[in-house]
Amino acid sequence: MILRHPEWLALLPVLLLAGWGLPRLGLLRPLRILLLGLVTLILAQPQWRRLADGVDLWLLLDSSASAEKPMAKGLPEWEKLLEQSRGANDRLFQISYAGEVMRRGAEGAALYDRERQSTRTGLAISQTLVHAQRESAGRPARLLVLTDGYATEPLTGIAEKLQQQGIELDYLLARDPEPTDYRVAALRLPAKAQLGEPFLIEIEVRGTLDGTVPLKVLRQGRELKAADVQVRLGSGIVRFTDRLSSAGVAHYEALIQPVTDAHPGNNRHEAMIEIAGGPRVLLLTAYTDDPVATTLQRQGFTVEKVTDLRSVRPGQLAGAKCVIFNNVPAFELPGEFLAAMDFYVREQGGSLLMAGGQKSFAAGGYFESALDPLLPVSMELKQEHRKLMVAMGIVMDRSGSMSMTVKNGFTKMALADEGAANAIKFLGPHDLLTVFAVDSEAHQMVPLQPVGPNREKMESAVRRIESTGGGIFVYNGLKAAWDQLKNAPAGQRHIILFSDAADSEQPDDYKNLIAEIVANSGSISVIALGTRADPDAAFLEDIATRGKGRLFFTDQAEELPSIFSQETVAVARSAFLRDPVKTQPANGWFEITSQPLTWLPEADGYNLSYIRDWASQALLTKDEYAAPLVSFGQRGIGRSAAVSFPLGGEFSSKIRAWPKYGDFLQTLTRWLMGEQLPPGIGLKHGLEGSVLTLDLLHDDTWEERLMAKAPRILLAHGAAASSPREIAWERLSPGHYQARVYLPEGEMVRGAVQIGTQALSFGPAIVGTSTEWAFDETRTEELKQVSQTSGGRELRELHQAWRTPRTERFVDLRNELLILALILMLLEALITRTGWHLPQWAFAGWKPKPARIKTPAYSRTAQPVEKPAAKPAAPPVEPTHPPQPDINRQSRFNRAKRK
């Protein structure tokens, strides 16, 4: 037994001396002395050296894609050897890991392909140590990692965790004999460059054999350079420079196509670079000669104008302080760009301005889009403001492909049914509707009838549509719907065609049919499930173009309900009023600036909308609607504004002739862009493998402000980023914060460091898709160092995996001693309260020894000791009793009283 704090034993003599000096305390009673000794021993923390009674072996199995073959080949034999050498008291726990970590054999434990594209050895060891601390408490434990050694993240801090818990880490490298393989080892370019500044691009190709490897470099998906890489002594490098004339983020890819190659998964690498051009305005416009761009440029703004709407990417938001949507429809913009706007405005502190027009607001399909909650106006037309009745036909694809289940657990057909039900919800009571479900024939699910009295029956009918197999005969569906609509008493006739972009059949004479529909005030919009690269995408696009309608492509079936809602509102519940309207100012303008503005007296036309409760308005219409023409508000730490009249193109002549047109745009745009962040603070970010490192550096002027409220890191994965996650900082030193984040392979991330009401944005950043196949030997060396530091080693013989760790183990005795002390305390209290003592029979057979009397030192001879005379025995004492009352005397007294 050992004592962790033996200094407490010095307390016992002090207590005993106190008891000797103060007898009234009663500390020298036997039980109390024993109790004091126990308490002192407990304070000294006694521990008993425990002999090992078995070992807990935690087996970590690399299940990543790069280790699949060697692990599948060697694992059965390794498990057999471990079982044969296992002792009677040894226990085995198995953990599988790749991008995620899970107990092997657990119910539902399965690693998906995406999760197998990374090797997170550090995460696996950390989580296993947590399990071992709970399940192997009091037992010796070891870790054994079976891996190829090529982790995709550094093992930072793992050695310290192992040493802290006293657990040794062994490893066994599972590798195949080296095959002929070439890979893109690195695509190196700076994280940031200035606008127009040349920068170096370096591509390293490695191989097991010398040879020539064809290389192709892509920028933004288009070929930039083609070359041959000469691999010599295992490595070859290609260098060249590039420069970009537009700000934002550029995406580069390096591809190789070797003739002989063992692992095609490592033939591709990608990276991004941010081109900084100062604060700028990103203008998405339908006009080649946009007056907004010309006006802002004259006012000193840097404007990036985009007219090819399908080419815009979330990376272009980097460095932009304001994004203007100038009469561009939502269905022409990539869904990932619209989805990225929410994080850009709310968390990165960006801003949004939407200008009016016939393809803007609800008419442009923005109702229930990603921009809808950001705008200061509500776009859904109130029922009492509708003036035209609509006759609508919905043609639903119910082919075999619609039976597939998507991520949220619903089938494509069920989501399309929900979309059709949404369309019914947004139609007015006087609107007419018919619905057809189409495979090889058109099946009428809802006959043409008013929506009002039949709304619930219609919704129930469309929700029961099921996939029946086969393909979709488009011509049959369109013709059946038009036969119902062409004689309908409505001012507008519209068909929504929902179809699979990879399985749309039977064009037949669709061109003449669509010409007849358009000639009779009809139109056709298409909702295509798939992408523009699918086989039948061009056919569906031609239908929408000829039908004068809108075209929606989505490969995410979860978006179908909202797309149906957007289309229905655009047709039935949106209004662009083409007549000139008088205007009237409101006081909201002074929330932006203290300078008054002479407003235009009349607008050519406007999109009818309604102010939201959180927004302010600066200009209203002077008609029956009193609708907002200029409105704005705060969204998160960003800002948003809506100008409901056109700023260019048709219906904008009066606006463009307004003398204060330039002052108005300049003032509103400067307010949207917000204030510049004060100097003295900066952010650096970089990727190492699959780990993103952020360094926030600041000077003394920021110290007090950051100590009062720490900066926040928010990270958005993917374009949508519906729920960005917050990352914790580590304060390394005064003026230096750092955070490290693991990033999934191939997934774009964007982020923001929020400092009060302002933000430092970074990204997009992406981990190259060949990280899992990079075979970086530095990661293997790192694993060896961690193993040696913990006391482990590389195993050659698996029977050594069960050896007992060298770490000494002790059992804490304090709990047992506390229980014993409690029992003694209760016993002593019982004796003190009751006066209870041991019975005489407990001392049977025990006789005290006679006392020995010492002769005084001054006595020369011993004197006989005389026994004292015995005292005479005392006479027996009669027991005394209290006097008894005289009963007879009392009775006589009572009789005399009665007489």
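The values are calculated or read from the model by the stated rules, or taken from the named source; none is laboratory data. Keep in mind the model is a prediction, meaning the values are calculated, not measured. Ideal geometry is used to build each Cβ from the backbone, glycine not excepted, and the neighbour counts take in all protein chains shown. Accessible surface is based on the protein model in full, side chains and every heavy atom, while ligands, DNA and RNA are left aside. Shrake-Rupley method; radii C 1.70, N 1.55, O 1.52, S 1.80 Å.
Over all directions, average the projected area of the Cα convex hull of the range 620-736 and note it in nm².
For the Cα atoms of the range 620-736, the hull's average projected area reads 12.5 nm².
Assuming 0.36 nm per residue, please report the length gained on full extension of the stretch ALA226 to GLN788 beyond their Cα-Cα distance. Don't skip to the end; give the middle numbers.
Values: separation 562, 0.36 × 562 = 202.32 nm, distance 4.53 nm.
Extra length from ALA226 to GLN788 when fully extended: 197.8 nm.
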Cα-centre dipole for the range 612-762 with unit charges at Cβ (Lys and Arg positive, Asp and Glu negative), debye to 20: 400 debye
Equivalent ellipsoid dimensions for the chain as semi-axes, Å, which come from the Cα gyration tensor, largest first: 79, 43, 33
Cα centroid separation - the range 195-210 against the range 460-535, whole Å: 50 Å
Heavy atoms of LYS382: accessible area, 1.4 Å probe, square angstrom to 10: 90 Å²
Values of log10 I(q)/I(0), in the order q = 0.12, 0.16 Å⁻¹, for the range 391-448 under a Debye, Cα-only, solvent-free model: -0.32, -0.54
Net charge of Cβ neighbours under 10 Å - reference LEU283; Lys, Arg +1; Asp, Glu -1: 0
Under the Debye formula (equal points on every Cα, no solvent term), log10 I(q)/I(0) of the range 347-448 at q = 0.10, 0.11, 0.17 Å⁻¹: -0.43, -0.52, -1.00
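Would you mind checking LYS382/LYS479; LYS73/LYS161; LYS382/LYS457; LYS412/LYS479 for any pair whose Cα atoms are more than 26 angstrom apart?
LYS382/LYS479; LYS73/LYS161
Can you tally the net charge around GLN449? Count Lys and Arg as +1, Asp and Glu as -1, for every other residue whose Cβ sits under 11 Å from the Cβ of GLN449. Can you show the working numbers first?
Working: positive: ARG455, LYS457; negative: ASP431.
Charge balance in the 11 Å sphere: +1.
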Electrostatic dipole magnitude of the chain [Cβ: Lys, Arg +1; Asp, Glu -1; Cα centre; debye, to 20]: 6640 debye
Label-point separation, THR288 to LEU813 (7 Å along Cα→Cβ), nm: 9.5 nm
Among 425-435, 218-228, 557-567, 462-472, the order from most to least packed when residues are scored by Cβ within 10 Å on average: 557-567, 425-435, 462-472, 218-228
For the range 127-226, the fraction of alpha-carbon pairs in successive 5 Å shells from zero, as %: 2, 8, 12, 14, 11, 10, 10, 10, 9, 8, 4, 2, 0
Contact order relative to length of the chain, as percent, for alpha carbon pairs under 8 angstrom and 6 or more apart: 14 percent
P(r) histogram, all alpha-carbon pairs of the range 439-503 included - 5 Å bins from 0, percent: 3, 13, 24, 24, 20, 11, 4, 0
Dipole moment magnitude, nearest 20 debye, the range 559-692 about Cα centre, only Lys, Arg, Asp, Glu C-beta charged: 240 debye
Ordering of 614-625, 327-338 by packing [mean C-beta count within 10 Å, highest first]: 327-338, 614-625
Efficiency of FRET from Cβ geometry, GLU650 and ASP776, R₀ 35 Å, rounded to 0.05: 0.05
Carbon/sulfur fraction of accessible area - the range 579-731, other protein chains in place, 1.4 Å, %: 48 percent
Where the chain is the region considered: accessible area per residue in Å², 1.4 Å probe: 50 Å²
Among beta bridges that DSSP assigns inside the chain, antiparallel share in %, nearest 5: 60 percent
Theoretical ellipticity at 222 nm over the chain - DSSP helices of four or more residues, -39500 (n - 2.57) apiece, nearest 500: -7500 deg cm²/dmol
The range 319-367 shape via C-alpha gyration tensor axes, a/c threshold 1.5: prolate
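Which FRET efficiency value, to the nearest 0.05, do you get for GLU456 and ASP579 by plugging their Cβ-Cβ distance into 1/(1 + (r/R0)^6) with R0 = 41 Å? Before the final figure, lay out the partial values.
Values: r = 38 Å, r/R0 = 0.92.
Between GLU456 and ASP579 the formula returns 0.65.
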Distance between the range 263-318 and the range 350-419 - C-alpha centres, whole angstrom: 27 Å
For the range 499-559, diffusion coefficient by Stokes-Einstein and Kirkwood Rh (Cα), 37 °C, 0.692 mPa s, µm²/s: 278 µm²/s
Largest-first ordering by accessible area, 1.4 Å probe, given options HIS799, HIS698: HIS799, HIS698
Degrees, to the nearest 10: 537-546 long Cα axis against longest axis of the chain: 50 degrees
